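The block underneath contains the structure these notes are about, expressed in structure tokens.
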Amino acid sequence: MTNNTYEWIAGLLTEHLGVPEDIIQPDATFTDLDLDSLSIAELSVIIEDRLGVHLTEEDLKPTLGEFCQVVDERRDDGKAAGADTAQQDASTTPTSP
């Protein structure tokens, strides 16, 4: 997991989903972060829209750090295939990793 991806996703968690910064840790689970299935789906959609990374239920790893690692791997796969990962609205989005 890169620090940029982790920091970007942590920003999404606080800015879009209202998760307090002080509970966001790499070893935190989505349950620890008080995210329900709707919030997790929203997070997945934001990541897909902004980074072009398609996530499945199987990608929702037990910890935030593991989840960020999956996002990194998918981004790397997309870059290798020539996918556009710069899809984002700079006015409402933290800088993408």
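The values are calculated or read from the model by the stated rules, or taken from the named source; none is laboratory data. All values derive from a computational prediction rather than experimental measurement. All Cβ positions, glycine included, derive from the backbone under ideal geometry; neighbour counts span all protein chains shown.
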Restrict the check to region 40-55 and report whether at least one residue is within 16 Å of residue 6 (Cβ to Cβ), modelled with pLDDT of 85 or more and not in a helix (DSSP H, G or I).
yes
Restricting region 1-37 to residues that are more than 11 Å from residue 67 (Cβ to Cβ) and among the hydroxyl-bearing types (Ser, Thr, Tyr), the one surrounded by the most Cβ atoms within 10 Å (Cβ to Cβ) turns out to be 14
